[in-house]
1. Yes or no: segment 18-32 includes at least one residue that is crowded, with 16+ Cβ neighbours inside 10 Å, not aromatic (Phe, Trp, Tyr) and not in a helix (DSSP H, G or I).
2. Only residues that are assigned to a helix (DSSP H, G or I) and of a type in the set (Lys, Arg): list them for segment 1-17, please.
3. So which of 73, 94, 46 is modelled with pLDDT of 90 or more, outside any strand (DSSP E or B), open to solvent by 70 Å² or more (accessible area, probe 1.4 Å) and charged (D, E, K, R)?
4. Hey, any hits in segment 118-138 for a residue that's among the acidic types (Asp, Glu), touching a Lys or Arg at 6+ places or on another chain (Cβ under 9 Å) and surrounded by 13 or more Cβ atoms within 10 Å (Cβ to Cβ)?
5. For the condition part of a helix (DSSP H, G or I) and either in contact (Cβ under 8 Å) with a residue 40 or more places away in the chain or open to solvent by 40 Å² or more (accessible area, probe 1.4 Å) (or both), what is the one hit in 52, 61, 87?
Amino acid sequence: MKYMLIMRATDEAFAGMADIDFGKMLETIGRYNDEMIRAGVLVAAEGLADAAEGVVVDYSAEPPVVTDGPYGETKELFGGFYVLNVASKEEAVEWAKRSPITGPGFKTEIRRVTTIDEFPQDNEWIQKERAWREATGQL
């Protein structure tokens with residue numbers, strides 16, 4: 001089963017990371033990533049650029065409203081993610097507990113990644129997506 005570990009932090013927690021030596025941070029995260037690679041569970045991992053560079057598309061109105069970052073009411077920012085292929089949610093939780101990025105204001109949300117097999121296989125659009133995934137080596 002695949003699980004996404006969504007790395008979240010408050011604005012204050014992110015700001016506090018500015019005081020950490022970047023080389024040391026890369027080494028610490030690199031060791032964690034290497035542990036997951038050696039265990040054979042890491043599928044993908046990416047960090048995200050500063051929220052100030054992002055935009056939000058809000059569908060509450062017609063047409064949708066696009067707002068540039070940073071976001072005034074942000075309580076927690078989504079800073080990056082890991083996708084793990086593990087046997088259970090409990091195993092995903094155990095990997096999340098090993099994260100080197102910890103402390104007040106840091107959280108990891110864990111969500112199961114659904115598979116195409118969970119959707120109606122007789123649906124035309126699911127069949128098209130399955131064909132695309134097979135053609136691109138994703139299945």
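1. Within segment 18-32 (the criterion being crowded, with 16+ Cβ neighbours inside 10 Å, not aromatic (Phe, Trp, Tyr) and not in a helix (DSSP H, G or I)), the answer is no, since none of the residues qualifies.
2. First pass over segment 1-17, keeping only residues assigned to a helix (DSSP H, G or I): 11-17.
Selection gives nothing.
3. Numbers: 73 fails: modelled with pLDDT of 90 or more; 46 fails: outside any strand (DSSP E or B).
One residue alone meets the criteria, 94.
4. Our first condition is that a residue be among the acidic types (Asp, Glu); within segment 118-138, this holds for 118, 122, 124, 129, 134.
When the remaining residues are screened for being touching a Lys or Arg at 6+ places or on another chain (Cβ under 9 Å), the result is none.
No: segment 118-138 contains no residue that is among the acidic types (Asp, Glu), touching a Lys or Arg at 6+ places or on another chain (Cβ under 9 Å) and surrounded by 13 or more Cβ atoms within 10 Å (Cβ to Cβ).
5. Working: 61 fails: part of a helix (DSSP H, G or I); 87 fails: part of a helix (DSSP H, G or I).
Exactly one residue qualifies, and that residue is 52.
The values are calculated or read from the model by the stated rules, or taken from the named source; none is laboratory data. Here the structure is a predicted model, which means the values were calculated and not measured. Every residue, glycine among them, receives a Cβ derived from its backbone with ideal geometry; neighbour counts consider all protein chains shown. Quick note on the areas: whole protein, heavy atoms, side chains included, nothing else; ligands and nucleic acids left out. Shrake-Rupley method; radii C 1.70, N 1.55, O 1.52, S 1.80 Å.
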